[in-house]
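J.: Have a look at the structure that comes next, please.
The values are calculated or read from the model by the stated rules, or taken from the named source; none is laboratory data. Bear in mind the structure is a predicted one, so any value in this text is a computation, not a measurement. Counting neighbours? That spans all protein chains shown, and the Cβs are built from the backbone with ideal geometry, glycine included. Note: accessible area is taken over every heavy atom of the protein model, side chains too, but ligands, DNA and RNA are not part of it. Shrake-Rupley method; radii C 1.70, N 1.55, O 1.52, S 1.80 Å.
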Amino acid sequence: MSGLFHAMPIPTIALGRRAFLQVGALALGKMTLAGALQRRALAGAQAGESTAVIQIYMGGGPSHLDMYDLKPLAPREIRGEFQPISTSLPGVQICEHLPYLAGVMDKVAVVRTVHHQNAGHLPASHWMMTGHQPASGSTGNANPAVGAVVSRLRGSNHSGVPAYVSIPRRQLLGASAFLGPAHNPFTPESDPSKNDFAVFNLKMPSELSVPRLEDRRGLLQSLDRLRSNMDIRNEFDGIDKFSQQAADLVTSGRALKAFDLKQEDPRVRESYGPHSVGQGCLLARRLVEAGVTFVTVLSGGDWDTHVGNFPKMKDDCLPRVDRAIAALVSDLHARGLNRRVMVVAYGEFGRTPHINKDGGRDHWPGASCALFAGGGLKVGQIIGQTDAHAAFPITRGYSPGDVLSTVYQFLQVDSHHEFREQNQQRPMQVLPEGQPIAELIG
């Protein structure tokens, strides 16, 4: 399989030793993944817990009133056009345009009272993805996203695969911030639902055979022995480790096999749906089986429904995630992965209770929903209740920190860990607030 990874050059380490470092680069045949993995530090316990998380991110702000928190008794200008339907969970109803999810509601839990106080897309996304409320006017990652933190503190579950992957590309607020580019997600930059889906740099350059690679590994080992006689030990810390990871990634074929959706039964592929999010969720399942710890799947669709909310939701947004999430949940159960893999699906906020003059709903951080599945969680329940118009929680509300704390606890990542990064004026805690959602974990 070919692919779309761009070359990531090995950064210059010391001008005075440039020639020596160039020899090391030549020894790996200018393998670009060595440079990428040199910056992709896997500081966690790679051979430890095999738990993993698949996050489906519905960027733009999905309307909670038109998915999991319908208000059929509210006035029409609030309740909208959609009707509730019964589900596999007795007494629980969701939107009529989520029939597949309705069939697996006994295997998921929906938190209806997620909320915060920021109605801007980027700052709200930052808050939901990092647990940190951004400074006013901030549009980038001031703090690392959850996947980057997992990459830094946990690493991957198996050598030869990345710790953090984002499909099909990096989410806008999914970056590593001060943790550095080592912990940005590995991204295919290619739509997994397309026939030409491929990932660059996951096959060996044609001019570099496995025997030649082994010869060059031997050269690196010889160069390593020279290190003891040179005053550059600190500058070489980690180089061999990352070069080995790059070589393993290419020669073992583990990542290449995981990304190869053609190995799946066509009937399984069909069950996930023909869209990017469906095939992305299937790819995410393959990746966590191969040892990736955290996968983000972007949902696609236009969730920012200021105009024409109902046709957009009915014809585009809801059918995509309905099939994708339901198939993923069912597939994890069928494969016995529902205890070691957690699924979480949400966006940056909900939508306004009142329908605007253009038949749309606007930004609303006062209430939104998050869906959880797997992870050994207590599923088959609805957590939290909003008021009659789904505007605000009337039972306990849950913050972005609560959602992420639940994820971190499952992955055994210390949410109180303090990063002491170079150039940081003060230590930065993984989460400034938040506790695991008690109803989910018992």
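J.: Output the residues belonging to the stretch 107-117 that are more than 16 Å from Ser368 (Cα to Cα) and open to solvent by less than 10 Å² (accessible area, probe 1.4 Å). Lay out the reasoning, then the answer.
T.: To start, the set of residues in the stretch 107-117 that are more than 16 Å from Ser368 (Cα to Cα) comprises 107-108.
Once the filter is applied, which keeps residues that are more than 16 Å from Ser368 (Cα to Cα) and open to solvent by less than 10 Å² (accessible area, probe 1.4 Å), the stretch 107-117 yields only Val108.
J.: Let me ask another. Is it the case that some residue within the stretch 292-301 is closer than 22 Å to Ser276 by Cβ and either over 16 Å from the mean Cα position of the chain (by Cα) or open to solvent by 50 Å² or more (accessible area, probe 1.4 Å) (or both)?
T.: Yes, the stretch 292-301 contains at least one residue that is closer than 22 Å to Ser276 by Cβ and either over 16 Å from the mean Cα position of the chain (by Cα) or open to solvent by 50 Å² or more (accessible area, probe 1.4 Å) (or both).
J.: Which one of these does His158 not meet: (1) closer than 26 Å to Leu282 by Cα; (2) open to solvent by 20 Å² or more (accessible area, probe 1.4 Å); (3) at pLDDT below 90?
T.: Just one mismatch for His158, condition (3).
Residue by residue, here is whether (1) under 19 Å from the mean Cα position of the chain (by Cα); (2) charged (D, E, K, R) holds:
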| position | (1), (2) |
| --- | --- |
| Ala345 | yes, no |
| Glu348 | yes, yes |
| Arg361 | no, yes |
| Ala367 | no, no |
| Ala370 | yes, no |
| Gly384 | no, no |
| Phe392 | no, no |
| Tyr408 | yes, no |
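J.: When you scan the stretch 71-106, how many residues do you find that are touching a residue at least 40 places away in the same chain (Cβ under 8 Å), in a helix (DSSP H, G or I) and surrounded by fewer than 21 Cβ atoms within 10 Å (Cβ to Cβ)? Quick ask: steps written out before the conclusion?
T.: To start, the set of residues in the stretch 71-106 that are touching a residue at least 40 places away in the same chain (Cβ under 8 Å) comprises 71, 73-74, 77-78, 80-82, 89, 92, 95, 97-101, 103-106.
Okay, now just the ones that are also in a helix (DSSP H, G or I), so 77-78, 99-101, 105-106.
Among the residues that remain, those that are also surrounded by fewer than 21 Cβ atoms within 10 Å (Cβ to Cβ) are: 77-78, 99-100, 106.
Total meeting the criteria: 5.
J.: I would also like to ask the following. Working only within the stretch 32-70, note down all residues that are polar (S, T, N, Q), at pLDDT 95 or above and open to solvent by 10 Å² or more (accessible area, probe 1.4 Å).
T.: As a first pass, look at the stretch 32-70 and keep what is polar (S, T, N, Q): 32, 38, 46, 50-51, 55, 63.
Imposing the further condition that a residue be at pLDDT 95 or above reduces the set to 51, 55, 63.
Thr51, the sole residue that qualifies.
J.: Shifting gears a bit: Please go through the stretch 356-378 and pick out each residue that is assigned to a loop (DSSP other than H, G, I, E, B) and either in contact with a Cys (Cβ under 8 Å, 6 or more places away or on another chain) or over 15 Å from Gly61 (Cα atoms) (or both).
T.: In the first step, residues of the stretch 356-378 are kept if they are assigned to a loop (DSSP other than H, G, I, E, B); the result is 356-362, 365-367, 375-378.
Of everything in the stretch 356-378, those that are assigned to a loop (DSSP other than H, G, I, E, B) and either in contact with a Cys (Cβ under 8 Å, 6 or more places away or on another chain) or over 15 Å from Gly61 (Cα atoms) (or both) turn out to be Asn356, Lys357, Asp358, Gly359, Gly375, Gly376, Leu377, Lys378.
J.: Which members of the stretch 390-423 meet the condition of being surrounded by fewer than 18 Cβ atoms within 10 Å (Cβ to Cβ) and either in contact with a helix residue (DSSP H, G or I) (Cβ under 6 Å, 6 or more places away or on another chain) or within 18 Å of Ala109 (Cα to Cα) (or both)? Before the answer, list the steps.
T.: Keep residues of the stretch 390-423 that are surrounded by fewer than 18 Cβ atoms within 10 Å (Cβ to Cβ), which gives 392, 394-396, 409, 412, 414, 416-423.
Of everything in the stretch 390-423, those that are surrounded by fewer than 18 Cβ atoms within 10 Å (Cβ to Cβ) and either in contact with a helix residue (DSSP H, G or I) (Cβ under 6 Å, 6 or more places away or on another chain) or within 18 Å of Ala109 (Cα to Cα) (or both) turn out to be Thr395, Arg396, Gln409, Glu421.
J.: Quick check, is Val150 assigned to a helix (DSSP H, G or I), farther than 21 Å from Ile394 by Cα and open to solvent by less than 10 Å² (accessible area, probe 1.4 Å)?
T.: Values: assigned to a helix (DSSP H, G or I): yes; farther than 21 Å from Ile394 by Cα: yes; open to solvent by less than 10 Å² (accessible area, probe 1.4 Å): yes.
Spelling it out, Val150 is indeed assigned to a helix (DSSP H, G or I), farther than 21 Å from Ile394 by Cα and open to solvent by less than 10 Å² (accessible area, probe 1.4 Å).
J.: Follow-up. Can you name the condition, by its number, that Gly131 falls short on among (1) on the phi > 0 side of the Ramachandran plot; (2) touching a helix residue (DSSP H, G or I) at 6+ places or on another chain (Cβ under 7 Å); (3) at pLDDT below 95?
T.: With (1) on the phi > 0 side of the Ramachandran plot; (2) touching a helix residue (DSSP H, G or I) at 6+ places or on another chain (Cβ under 7 Å); (3) at pLDDT below 95 applied to Gly131, the lone miss is (3).
J.: Then there is this: Looking at the stretch 305-322, which of its residues are free of Cβ contacts under 8 Å to residues at least 60 places away in the same chain and touching a helix residue (DSSP H, G or I) at 6+ places or on another chain (Cβ under 8 Å)?
T.: Within the stretch 305-322, the subset free of Cβ contacts under 8 Å to residues at least 60 places away in the same chain is 306-308, 311-312, 315-316, 320.
Scanning the stretch 305-322 gives a single hit, Arg320.
J.: Further question on the same structure: Which residue is most open to solvent (accessible area, probe 1.4 Å), if the candidates are limited to the stretch 312-346 and must be closer than 13 Å to Gly300 by Cβ and in contact with a Ser or Thr (Cβ under 6 Å, 6 or more places away or on another chain)?
T.: Among residues in the stretch 312-346 that are closer than 13 Å to Gly300 by Cβ and in contact with a Ser or Thr (Cβ under 6 Å, 6 or more places away or on another chain), the one most open to solvent (accessible area, probe 1.4 Å) is Lys312.
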